[in-house]
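Okay, so here's the structure we're looking at.
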2 protein chains.
Amino acid sequence: MITKALILAAGKGSRLRKKFRNPKPTVRFFGLPLLERSIKILKKAGIKEFYVVVGYEKERVKKLIEKIRKKLKVEIKVIENPEWHKENGKSVLCAEGFIKEPFLLTMTDHIYEPKLIQEVLKFFKGKKIDKTYIIVDKKISDTHIDVDEATKVLFKDGELVDIGKKIKDFNGFDTGLFICNLDIFGALKEAEKGGDTTLSAGIRKLIKRGGVGVWSFEGYFWMDIDTPQDLRLARKILLKSLKKKEDGYISYLFNREISTRISSQLAKIRLSPNVISFFSFLLAVLGSVFFAFGKFILGGITVQLSSIIDGCDGEVARLNLDDSPYGAVFDTVLDRYADIIIVMGIFYFYFNLLPLWKILLFVFSSFGFVLASYSKKEWQLRFKKNLKEDFLLRLIKRDFRLFTIFIGGLLNKVFEFTLILGLFSHLVVIYKFIILQLFKKDSITH
Amino acid sequence: MITKALILAAGKGSRLRKKFRNPKPTVRFFGLPLLERSIKILKKAGIKEFYVVVGYEKERVKKLIEKIRKKLKVEIKVIENPEWHKENGKSVLCAEGFIKEPFLLTMTDHIYEPKLIQEVLKFFKGKKIDKTYIIVDKKISDTHIDVDEATKVLFKDGELVDIGKKIKDFNGFDTGLFICNLDIFGALKEAEKGGDTTLSAGIRKLIKRGGVGVWSFEGYFWMDIDTPQDLRLARKILLKSLKKKEDGYISYLFNREISTRISSQLAKIRLSPNVISFFSFLLAVLGSVFFAFGKFILGGITVQLSSIIDGCDGEVARLNLDDSPYGAVFDTVLDRYADIIIVMGIFYFYFNLLPLWKILLFVFSSFGFVLASYSKKEWQLRFKKNLKEDFLLRLIKRDFRLFTIFIGGLLNKVFEFTLILGLFSHLVVIYKFIILQLFKKDSITH
């Protein structure tokens with residue numbers, strides 16, 4: 001199991017510096033300095049000890065490291081590279097003597113999707129690292145990567161053939177991620193003697209010595225951040241990725257368009273996702289109060305606003321890598337309370353205006369909202385996989401529910417709209433999770 | 001991957017026969033003939049092709065096999081052993097020429113906990129079967145196994161040293177389960193030449209030839225059924241195992257005592273678990289109607305009855321190996337509807353008797369019953385593990401809920417009891433799944 005990571009953070013990053021006046025590791029991406037972001041991702045994936053090579057403006061970077069150490073409660077060893085103005089192979093070499101077992105190597109100016117790092121570490125878990133491996137993105141066309149600037153690789157049968165910025169024949173990009181064994185140091189020294197202090201030169205020496213392995217992938221996001229333009233592009237791609245294909249219709253077409261814009265700002269000020277969840281909940285309560293006093297239009301608008309803000313907590317969490325099962329449980333259970341409270345407000349207003357049977361039906365129908373979500377969770381728990389949500393199931397999701405109440409409010413039909421959607425939710429639940437299950441029951445092949 | 005199984009079903013089973021007058025493979029264990037039970041377990045664990053050796057009363061056994069083939073939709077090849085009166089090694093030998101790859105070997109008169117078979121097959125998945133493996137129970141003291149009758153084994157460092165009914169020095173029992181490679185046939189022939197047609201003799205030859213591997217376990221239930229007493233004991237143990245440690249207090253102490261007795265009978269007549277779930281649901285509806293008309297005592301009793309019967313569906317499913325995620329989803333969602341309908345009955349009766357605020361509080365409180373179950377499922381989905389249920393969480397389980405309503409009915413306090421338990425459920429949910437989550441949120445180590 002790989003538990004150590006070497007992070008290169010010594011370079012000048014002059015192209016970024018023009019804009020930000022900070023050394024690269026401290027440049028913020030949403031709410032997190034690039035270096036903190038790297039360490040947070042690696043820690044979540046299972047790395048326990050960090051070695052960070054600093055050089056350019058080392059005091060400022062060391063101050064940042066001190067902060068990260070306290071905040072994330074991780075061991076970080078600082079390694080100084082006095083020759084930081086040389087190429088990055090030099091920085092790796094500085095770690096010789098500090099790291100005595102295979103390690104993960106990465107660069108502070110590279111942004112990765114957390115899943116990629118997790119998959120890499122999962123793959124190498126329990127495997128003997130008898131050589132160095134390079135992590136390669138094999139998607140080379142139709143990509144956001146700047147092909148001219150990227151370090152390209154040629155590989156065949158899981159073995160690296162060539163690497164460099166200028167090679168003509170290539171079938172992948174060097175992502176700046178490596179699983180190194182200790183041979184890398186010898187190879188870098190050999191390359192240095194030949195006058196080349198780049199990491200690529202060291203890797204080329206390793207190819208000759210005993211080969212370099214390739215772990216290639218496609219479809220995970222990563223990016224090398226060199227310029228302010230790169231940073232903007234990475235932000236844009238990440239924001240866009242917050243739209244999920246399992247989103248409901250209203251969420252996908254409407255809510256996310258607004259909520260991601262809000263989240264982009266909230267993430268920058270590092271607002272806690274829990275605070276956002278709670279604010280969305282308070283808006284729902286306010287909507288309920290409006291309904292209780294017959295202010296249907298205000299109630300509807302407030303509820304729809306709450307629905308939009310409800311997207312922000314998860315988005316901010318993902319942008320700043322704060323997502324956790326705790327937060328997800330908190331948000332989801334709070335959402336159910338918000339639903340119940342909204343319905344109770346409507347119930348309160350209509351209680352004395354309607355006959356018993358309508359009130360009974362309304363109370364029954366409102367349970368449909370909770371059961372819609374309940375049944376899906378039950379199904380996923382029993383089958384141990386995600387439920388593919390079809391048209392019917394998307395109509396009983398929360399985004400559509402709150403949107404229906406919103407429209408009901410605007411049209412002064414909030415009782416009817418809520419009642420009908422509640423009953424409809426029951427029908428879908430009864431059909432999908434009771435009747436359909438029944439017919440499949442006898443088949444023991446599953 | 002092992003996909004073939006050889007099942008020995010040729011013997012006379014004379015000690016069982018005295019009581020049942022049927023050949024052993026057709027003797028019923030709860031609702032299933034022993035042979036059908038074996039095949040059902042093996043199929044669920046991933047076996048695709050079955051080879052059944054028949055001999056004694058082969059026509060009756062073949063008729064049973066025909067039924068199983070249709071019912072379970074599996075491929076079963078019948079192999080006849082004209083010398084069925086000899087020992088079981090002979091039966092294995094009859095399969096030579098039919099099976100051409102490593103296979104699982106088992107006996108029709110052995111009962112196994114499904115999990116054991118699953119674990120065995122999971123272990124050998126993707127492994128090269130370069131020798132024969134014996135599955136050994138290493139729990140030799142404090143066991144239900146009849147030590148005198150059992151085939152005992154001595155093993156060391158994962159290798160079999162000796163096997164036999166009469167060996168003095170042993171550290172495990174032969175469970176009658178083997179993962180065989182094709183060398184077994186040669187070894188059996190060699191043993192036969194020496195005048196011994198037992199499977200154990202063949203295994204002893206294999207020990208000399210290249211060794212026999214041992215896969216040992218502890219804590220899974222299995223039994224060799226030789227006598228009517230064995231059958232009774234196995235039934236008793238299985239019935240007892242239906243009590244689960246995650247059961248609620250009322251369920252564990254009271255409901256299960258009754259429901260397992262009922263299930264034992266229902267399983268014999270092979271009543272479908274879904275029918276039982278639905279019957280329990282109907283009882284809940286009936287209880288609700290009683291409540292709606294102010295018949296509190298009748299309502300309470302009916303609801304408690306429904307709660308007891310609600311245990312039977314899962315029990316019968318497990319006894320007859322009919323448990324499936326479909327059935328579990330069906331039952332769970334139906335339970336939620338039963339809860340809602342019971343509460344609606346109480347609501348209906350009190351609607352005109354109470355002030356608005358009490359009615360509002362009651363409606364709100366009743367959501368607590370659904371959220372109690374909802375929040376646990378949400379937690380388990382997010383954390384991908386089971387939630388350890390402590391005292392508080394057990395008090396908001398369904399068995400306790402329906403018991404509270406039952407007592408409330410008896411004491412003419414059903415409104416108050418339901419209201420208070422509902423509010424209590426909310427408090428537990430809010431504490432466990434909102435407040436506690438919030439405080440853990442900031443810790444990213446999880």
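Readers should treat all values here as calculations from the given coordinates under stated rules, not as data from a laboratory. As the structure is a computational prediction, the values presented were derived from the model and not from experiment. Cβ coordinates were reconstructed from backbone atoms using ideal geometry, including for glycine residues, and neighbour counts include every protein chain displayed.
What tally of residues in region B:170-204 results from selecting those that are outside any helix (DSSP H, G or I) and out of contact with any Gly (no Cβ under 6 Å at 6 or more places or on another chain)? Let's see the steps before the verdict.
Let us first name the residues in region B:170-204 that are outside any helix (DSSP H, G or I), namely B:170-182, B:194-198.
Going one step further and asking which of them are out of contact with any Gly (no Cβ under 6 Å at 6 or more places or on another chain), we end up with B:170-182, B:194-196.
Number satisfying all stated conditions: 16.
Can you pull out the residues in region A:24-65 that are of a type in the set (F, W, Y) and under 16 Å from the mean Cα position of the chain (by Cα)? Let's see the steps before the verdict.
Step one: of region A:24-65, the residues of a type in the set (F, W, Y) are A:29-30, A:50-51, A:56.
Within region A:24-65, A:F29, A:F30 qualify.
Pick from region B:279-332 the residues that are of a type in the set (S, T, Y) and in contact with an Asp or Glu (Cβ under 7 Å, 6 or more places away or on another chain): which of them is nearest to B:K40 (Cα to Cα)? Quick ask: steps written out before the conclusion?
So in region B:279-332, the residues of a type in the set (S, T, Y) come out as B:280, B:288, B:302, B:306-307, B:324, B:326, B:332.
Cutting the leftovers down to in contact with an Asp or Glu (Cβ under 7 Å, 6 or more places away or on another chain) gives us B:280, B:307, B:332.
On the way: B:S280: 27, B:S307: 29, B:T332: 24 Å.
By that ranking, first place goes to B:T332.
Just checking, does region B:61-79 include any residue being touching a residue at least 40 places away in the same chain (Cβ under 8 Å) and surrounded by fewer than 19 Cβ atoms within 10 Å (Cβ to Cβ)?
Scanning region B:61-79, I find no residue that is touching a residue at least 40 places away in the same chain (Cβ under 8 Å) and surrounded by fewer than 19 Cβ atoms within 10 Å (Cβ to Cβ), so the answer is no.
Out of everything in region B:71-119 that is within 14 Å of chain A (Cβ to nearest Cβ) and among the charged types (D, E, K, R), what residue ends up being farthest from B:D323 (Cα to Cα)?
Result: B:E75.
Quick one: count up the residues across region A:343-394 that are away from every other protein chain (no Cβ under 11 Å) and of a type in the set (V, I, T).
Residues in region A:343-394 being away from every other protein chain (no Cβ under 11 Å) and of a type in the set (V, I, T): 1 in total.
Filter region A:263-285 for residues that are without any contact (Cβ under 8 Å) to a residue 40 or more places away in the chain and either under 22 Å from A:A328 (Cβ atoms) or buried (at least 18 other Cβ atoms within 10 Å of the Cβ) (or both) and give the result. Can you show your working first?
At the first step, the residues of region A:263-285 found to be without any contact (Cβ under 8 Å) to a residue 40 or more places away in the chain are A:265, A:275, A:279, A:282-283.
If the condition is that a residue be without any contact (Cβ under 8 Å) to a residue 40 or more places away in the chain and either under 22 Å from A:A328 (Cβ atoms) or buried (at least 18 other Cβ atoms within 10 Å of the Cβ) (or both), then A:V275, A:F279, A:L282, A:L283 are the ones that fit.
Please specify each residue of region B:294-340 satisfying the condition of being among the acidic types (D, E) and assigned to a helix (DSSP H, G or I). If you could, list the steps in order and put the result at the bottom.
First, the residues of region B:294-340 that are among the acidic types (D, E): B:310, B:313, B:315, B:322-323, B:331, B:335, B:339.
Passing the criteria: B:D310, B:D313, B:E315, B:D331, B:D335, B:D339.
Please tell me if A:V363 is of a type in the set (V, I, T) and either part of a loop (DSSP other than H, G, I, E, B) or closer than 17 Å to A:E416 by Cβ (or both).
It is true that A:V363 is of a type in the set (V, I, T) and either part of a loop (DSSP other than H, G, I, E, B) or closer than 17 Å to A:E416 by Cβ (or both).
Is it the case that region A:117-134 has a residue that's under 24 Å from the mean Cα position of the chain (by Cα) and within 28 Å of A:N22 (Cα to Cα)? Before you say what the answer is, go through the steps one by one.
Applying the first criterion (under 24 Å from the mean Cα position of the chain (by Cα)) to region A:117-134 yields A:117-125, A:134.
Narrowing further to those that are within 28 Å of A:N22 (Cα to Cα): A:117.
Yes, some residue in region A:117-134 is under 24 Å from the mean Cα position of the chain (by Cα) and within 28 Å of A:N22 (Cα to Cα).
Taking only region B:310-334 into account, find how many residues are at the interface with another protein chain (Cβ under 10 Å from one of its Cβ atoms) and in contact (Cβ under 8 Å) with a residue 60 or more places away in the chain. Show your work before the answer.
The first filter runs over region B:310-334 and keeps only residues at the interface with another protein chain (Cβ under 10 Å from one of its Cβ atoms), leaving B:317, B:321-334.
Of the ones still in play, those that are also in contact (Cβ under 8 Å) with a residue 60 or more places away in the chain are B:321.
Qualifying residue count, region B:310-334: 1.
Which of the following residues is surrounded by fewer than 23 Cβ atoms within 10 Å (Cβ to Cβ), assigned to a loop (DSSP other than H, G, I, E, B) and under 30 Å from the mean Cα position of the chain (by Cα): B:I167, B:I145?
On the way: B:I167 fails: under 30 Å from the mean Cα position of the chain (by Cα).
One residue alone meets the criteria, B:I145.
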